[in-house]
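Undergrad: Attaching a single structure in structure tokens format; questions to follow.
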Amino acid sequence: MQAIITTTGRDQIGIIAAVSAAAAEHNLNVLDVTQTLMDDFFTMVMRVNIPGDPVDMGELQEHLARAGEPLGVVVRIQSADLFTAMNEI
């Protein structure tokens, strides 16, 4: 299953490292990543593969959100299919 992790907040050192480490703790494989800075506002979108058995997306969301808290960024995850459906015109 593929999922999309979005991260937003004020730019600072360590955001990519923290989110990537949290993803690795759940064996998520990063397939693609993009980031943008607008003034001091940071946005990152990661496409990840979730291997193996069905995963508890609620638990995964909490884990990623906790990783972003010390940096003051908001981290969310959703299935790639849902993300695509919500963002198609």
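The values are calculated or read from the model by the stated rules, or taken from the named source; none is laboratory data. Since this is a predicted model, take the numbers as computed values, not measurements. Cβ atoms come from the backbone with ideal geometry, glycine included; neighbour counts cover every protein chain shown. Each accessible area value is taken on the protein alone, full model and side chains, heavy atoms only, with ligands, DNA and RNA left out. Shrake-Rupley method; radii C 1.70, N 1.55, O 1.52, S 1.80 Å.
Undergrad: Kindly indicate whether Thr43 is outside any loop (DSSP other than H, G, I, E, B), open to solvent by 30 Å² or more (accessible area, probe 1.4 Å), of a type in the set (S, T, N, Q) and in contact with a Leu (Cβ under 9 Å, 6 or more places away or on another chain).
TA: Values: outside any loop (DSSP other than H, G, I, E, B): yes; open to solvent by 30 Å² or more (accessible area, probe 1.4 Å): yes; of a type in the set (S, T, N, Q): yes; in contact with a Leu (Cβ under 9 Å, 6 or more places away or on another chain): yes.
In short, yes.
Undergrad: Still on this structure: Can you spot a residue in region 13-30 that is assigned to a strand (DSSP E or B), surrounded by fewer than 12 Cβ atoms within 10 Å (Cβ to Cβ) and of a type outside the set (A, V, I, L, M)?
TA: So far as region 13-30 goes, no, none of its residues is assigned to a strand (DSSP E or B), surrounded by fewer than 12 Cβ atoms within 10 Å (Cβ to Cβ) and of a type outside the set (A, V, I, L, M).
Undergrad: Can you tell me which of (1) under 15 Å from Ala3 (Cα atoms); (2) at pLDDT 95 or above; (3) surrounded by 16 or more Cβ atoms within 10 Å (Cβ to Cβ) is the one Ile50 doesn't meet?
TA: (2)
Undergrad: For region 65-79, which positions are of a type in the set (Lys, Arg) and not in a helix (DSSP H, G or I)?
TA: Once the filter is applied, which keeps residues that are of a type in the set (Lys, Arg) and not in a helix (DSSP H, G or I), region 65-79 yields only Arg76.
Undergrad: Which members of region 1-13 meet the condition of being under 16 Å from Ala65 (Cβ atoms) and either among the β-branched types (Val, Ile, Thr) or modelled with pLDDT of 95 or more (or both)?
TA: Ile4, Ile5, Thr6, Thr7, Thr8, Gly9
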